[in-house]
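I have a structure here, written as structure tokens, and I will follow up with some questions on it.
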């Protein structure tokens, strides 16, 4: 496949840059975020300080450079799908998360100043419901039902 610039393509084809993007479902957005985090699992990401104690007006604007949210915001596909910035409020709205779910992904009280991308991905995957059950959960299900 030969790489060509947009100008080169426009010389041989009609390029419609205003063509509407397919709207991603909530699960697709979350799965994409997981994939982005898992691409560099050992990367240390900044947490957000005491999200559970912040007033709503401050919480919605809370952000940090190099946070799990900024990993999502760095992705052009998620930005084209509507992710407007890397704030807590925008992540909560865009990914359709509750405060508790987002708190589990990136709060300082769980991880300290940083969290590994793999750990953040684990908690986002938990929201998706695609996390594999633990050995204890599987054994309990065998004996209880």
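The values are calculated or read from the model by the stated rules, or taken from the named source; none is laboratory data. Since this is a predicted model, take the numbers as computed values, not measurements. Neighbour counts run over all protein chains shown; Cβ positions are idealised from the backbone, glycine included.
Taking segment 91-118, which residues are more than 11 Å from the chain's Cα centre (by Cα), without any contact (Cβ under 8 Å) to a residue 24 or more places away in the chain and surrounded by 18 or more Cβ atoms within 10 Å (Cβ to Cβ)?
104
Within segment 23-45, which residues are in contact with a strand residue (DSSP E or B) (Cβ under 6 Å, 6 or more places away or on another chain) and more than 13 Å from residue 121 (Cβ to Cβ)?
44 - this is the single residue of segment 23-45 that is in contact with a strand residue (DSSP E or B) (Cβ under 6 Å, 6 or more places away or on another chain) and more than 13 Å from residue 121 (Cβ to Cβ).
Run down 30, 45, 83, 37 and say which single residue is part of a loop (DSSP other than H, G, I, E, B), buried (at least 18 other Cβ atoms within 10 Å of the Cβ), within 13 Å of the chain's Cα centre (by Cα) and modelled with pLDDT of 95 or more.
Exactly one residue qualifies, and that residue is 83.
Return the residues of segment 50-86 that are out of contact with any strand residue (DSSP E or B) (no Cβ under 8 Å at 6 or more places or on another chain), in contact (Cβ under 8 Å) with a residue 12 or more places away in the chain and over 22 Å from residue 128 (Cβ atoms); say none if nothing qualifies.
59, 60, 61, 85
Exactly one condition in (1) over 21 Å from residue 25 (Cβ atoms); (2) loosely packed, with under 13 Cβ neighbours inside 10 Å is not met by residue 88; state its number.
Just one mismatch for residue 88, condition (2).
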